[in-house]
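Undergrad: One structure, pasted below without further comment.
The values are calculated or read from the model by the stated rules, or taken from the named source; none is laboratory data. No experiment lies behind these values; they were computed from the predicted model shown. Using ideal geometry, Cβ is built from the backbone for each residue, glycine included, and neighbour counts are taken over all protein chains shown. The protein model used for the area step is the full one, side chains on, heavy atoms only, and it has no ligands, DNA or RNA in it. Shrake-Rupley method; radii C 1.70, N 1.55, O 1.52, S 1.80 Å.
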Amino acid sequence: MAALKKFDLLILDDWGIEVFNKRSQNDLLELIDNEIGKRSVLFTSQFPLKIWHDAFDNKTVADALMDRIVHGSYYLQLSGESLRKSRSPNTKGGRSAMK
């Protein structure tokens, strides 16, 4: 945890892909509680915000985390095709793998 304090931006990518285990849930709560309001935290997820709560077995921890994450945050929901797909050399109109 101490090593993370030296960064101005913490990026948590692919949030909620798997259910968080008990240790992770408690560590995340501590981490978010310490970082929110002091440093920037960026979450990315394939899942809509309304189901993030489901990634936690401990619903008390989930409530506490979601309360800290949601209030005072900016929320952007993107839509459309993946840029990876449109840029794939295997997709018509994508960049060639060999240049």
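Undergrad: Restricting to the stretch 63-84, name every residue that is under 20 Å from I17 (Cβ atoms) and touching a residue at least 24 places away in the same chain (Cβ under 8 Å).
TA: If the condition is that a residue be under 20 Å from I17 (Cβ atoms) and touching a residue at least 24 places away in the same chain (Cβ under 8 Å), then L65, I69, Y75, Q77 are the ones that fit.
Undergrad: In this structure, does L10 turn out to be in contact with a helix residue (DSSP H, G or I) (Cβ under 7 Å, 6 or more places away or on another chain), under 12 Å from L65 (Cα atoms) and of a type in the set (A, V, I, L, M, F, W, C)?
TA: So L10 fails the test.
Undergrad: What are the pairs with Cβ atoms under 6 angstrom where one residue, in the stretch 37-49, is within 16 Å of I17 (Cα to Cα) and the other, located anywhere, is at pLDDT 90 or above and open to solvent by 80 Å² or more (accessible area, probe 1.4 Å)? Sequence gap at least six, or different chains.
TA: Listed pairs, sorted by first residue: L42/I11; T44/D13.
Undergrad: Of the residues R84, R68, which single one is in contact with a Leu (Cβ under 9 Å, 6 or more places away or on another chain) and of a type in the set (K, R)?
TA: Exactly one of R84, R68 is in contact with a Leu (Cβ under 9 Å, 6 or more places away or on another chain) and of a type in the set (K, R), namely R68.
Residues checked against (1) touching a Gly at 6+ places or on another chain (Cβ under 9 Å); (2) modelled with pLDDT of 90 or more; (3) more than 28 Å from A2 (Cα to Cα):
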| site | (1), (2), (3) |
| --- | --- |
| Q46 | yes, no, yes |
| A55 | yes, yes, no |
| G80 | no, no, yes |
| N90 | no, no, yes |
